[in-house]
Structure formats: C-alpha cells, structure tokens
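Working notes for the structure below.
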Amino acid sequence: MARITREGGDGARMKLHQQRTCIGCRTVTGKNELLRWVLKDGAPLRVVSLDLKGSASGRGTWTHGTEKCVRQAVQRKAFARTFRSAVDDSQVVQEFTAYEDQLAARQQSGKHDESGSEI
C-alpha cells in the first residue's frame with residue numbers, strides 16, 4: 001500500500017510525497033528514488049520486467065536502484081509474492097545490469113533528456 005507523507009505547516013500549502021517499500025531491503029522510501037518492476041506476458045510464466053517510464057499498466061513493485069536490493073528481491077522470491085502468482089524472475093538481475101550499463105554510458109557521453117536535465 002502506498003504511504004503518503006505531508007510536508008509543510010503553519011497554514012502553508014501541503015506537499016504530498018508518495019512512498020513505496022523496496023521489496024529487496026524492505027525500506028520505505030520516496031517513489032522517485034525507486035525503480036518500478038511490472039509483469040509482461042510470457043510462456044509458460046509471466047516475466048518480470050523493468051518499467052523505466054513508470055507508466056506501464058497493471059500492478060507494479062519497487063526496488064532501489066542497487067544490485068544488492070535487486071538480488072535480495074530475487075533470492076527472497078519477493079516478485080512472486082508481490083505479484084501473487086508464479087513469475088519468471090530469472091532475467092531480473094541481467095536486465096538491471098543492462099540498465100546500469102546504459103545509464104553509465106549516458107552519463108559518460110553527457111546526454112540529456114528532453115527537459116534539458118541530465119538523465
């Protein structure tokens with residue numbers, strides 16, 4: 001379940017911060033500090049996949065952007081528990097490693113996203 005914290009006071013407009021729990025380390029953190037994982041249809045099991053845009057439909061689950069948390073989630077079978085079904089999480093660590101490699105390559109080349117900020 002999502003947790004929402006409020007920031008501000010003294011009659012000031014309140015800012016809402018959505019929080020999620022990392023399924024690897026079980027730490028509650030702001031949604032923007034975590035990576036979202038979703039299920040994609042596959043045969044015979046549904047496949048866990050990284051949702052970089054955070055806009056894929058359906059139930060999602062969250063991990064920190066560290067290999068340690070991703071590995072812990074796989075070892076604990078947290079993806080299957082979270083999605084409440086049998087899932088194929090065999091490629092999760094490899095997909096995360098590929099994501100890290102892309103991120104490092106972008107930072108080295110100095111590429112920016114469309115808003116002009118660094119990715």
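When the convex hull of the Cα atoms of the stretch 19-110 is projected onto a plane and the area is averaged over all directions, what value comes out in nm²?
Numbers: hull surface 24.4 nm².
That works out to 6.1 nm².
The spacing between the stretch 44-78 and the stretch 84-107, judged by their C-alpha centroids, is 8 Å.
Under a 5 Å amide H cut-off, with hydrogens placed 1.01 Å from N, G65 pairs with L35 among residues at least 5 apart or on other chains.
Relative contact order for the stretch 19-110: 29 percent, from Cα pairs under 8 Å spaced at least 6 residues apart, divided by residue count.
By accessible area, using a 1.4 Å probe on protein heavy atoms only, the stretch 19-110 has 46% of its surface on carbon and sulfur. Surface analysis of the stretch 19-110 yields an accessible area of 60 Å² per residue, using protein heavy atoms and a 1.4 Å probe.
The values are calculated or read from the model by the stated rules, or taken from the named source; none is laboratory data. Everything quoted here is computed from the prediction, not taken from an experiment. Just the protein is used for accessible areas: all its heavy atoms, side chains included, with ligands, DNA and RNA removed. Shrake-Rupley method; radii C 1.70, N 1.55, O 1.52, S 1.80 Å.
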